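Below is one structure, written out as structure tokens, with a few remarks after it.
Any read-out appearing in this document is the output of simple, stated calculations on the displayed coordinates, not a laboratory observation. Just so you know, these numbers come straight off a predicted model, no measurement behind them. Heads up, the Cβs are rebuilt from the backbone with ideal geometry, glycines too, and the neighbour counts pull from every protein chain shown.
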Amino acid sequence: MSFQLIECNIYKTHYTKHNMNKRGLSAIVTTVLITLLIIASVSIIALIIIPFLEVGIDEQVVSMELSKEKIELSNITFYESNGTEKIDLSIKRGTTSLVKTITEIITENISTEEPVPIDIMLSIDLSGSMSLDDGEPETRLTKAKIATIDFVETVLAGDELAKIGLVGFKDNLPANNNVHDLSNDLTSLNNEIDSWFASGGTYVCKGMDKALEIFNNNEIEGREKVLVILGDGDTTLSSCKYGGAEDLAESFYENKNISVSTIGFGPSTAITFFEDIAAAGQGQFYDSSDTNNLANTYISLIDDIQITREVTKTIVREGILFLQVLIFTGGNSHSYTISENLPGEYDTKRFTVPLPNGITEEDVTKIEIYLSVVSGGIKASSNLLTTWEP
């Protein structure tokens, strides 16, 4: 008798307790054995499957761990760009204590905008007029140095692929003085800026020539190149006037794909001169006649020169970790979620948060930051990690 027939008789015996024959006792024993085998198999399968069915997080435990995170909020700046009010803020993350929780593995294809690597040459006026104080406690050069250092720090903190170079232009510009090669060494760049002093004339074209030399010595395909010229007056180099600087800027863009933007700094700046340079170099002119406004000018510049490209990536991650920014305006709150490029341990990232339509800086009464994780359909959030009030 085959195994299949025995199995058939067993089930007949199991479900019809009558019609037992001489082999009844043997059939009962076989039925019991098969039943035990089925129970054991089901138990083994359950042990394998149940953990996957129970994937998720302990909301209370994870929420408590998230609240141990160290988050700092600083450098809050409000500005307008393309008709939209925005907040530029810096978020610093200290030691992280988030435990390894049982979270689902999420695989998804996402399209993101990533920055194109950029080289920025800053050509800064160091002529004698930059030593003027315009009746204020600080000179033009002092204000320019402070704002430029902050600009360098902001760019390098926000884009690890970016590099910045420096040229301080004045008459008879020495080959290697007041100059810094393209670099992401923040300390070295800041030291160079700190060493600048004002003297001599405003030789704009010499500064442009030196910037081009540095670009040529660091030619790398696929990197965006931007020259930014800051000056507080007209050029004193005759060959640079009457179209000379504009011709250079046009040549930079057409032959080297270097865009040229300009900042007119101070009350005596030659606005038309710098506007023409920017137009020829396919860049932007920024009016910073009010020397106290240079920091905001630099923020607008960052917003304009950042070039991104769309990239599709396959992301595999445990759960979804994100920062939640709550912006309070009177009795209302507006939530903004940051889930990409979060700061790591002892890391600082800069983010731009758009304000809702009709909301301005004067309306904002408080900003709060929370950290959350989502997994298995469950969301756990930290307590308030940090807050800012004007």
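Nearest 5 percent is fine: what portion of the DSSP beta bridges confined to the range 117-306 is antiparallel?
On the way: 3 of 29 bridges.
Once the DSSP bridges in the range 117-306 are tallied, antiparallel ones form about 10 percent.
Packing-wise, with mean Cβ within 10 Å as the measure, how do 246-257, 141-152, 265-276 rank, highest first?
141-152, 265-276, 246-257
Using per-residue counts of other Cβ atoms within 10 Å, averaged over each peptide, order 364-371, 161-168 from highest down.
On the way: 364-371: 18.9, 161-168: 22.0.
Ranking the peptides 364-371, 161-168 by packing returns 161-168, 364-371.
Over 5 Å intervals from 0, what percent of Cα-Cα pairs in the range 162-231 sits in each interval?
Percent of Cα pairs in each bin: 3, 15, 28, 26, 17, 7, 2, 0.
For residue 258, which sequence-distant residues (separation of 5 or more, or a different chain) have an amide H within less than 5 Å of its own amide H, given hydrogens modelled in the peptide plane?
253
Taking amide H atoms as placed 1.01 Å from N in the peptide plane, list the residues 5 or more away in sequence, or in a different chain, whose amide H sits under 5 Å from that of residue 284.
261, 262
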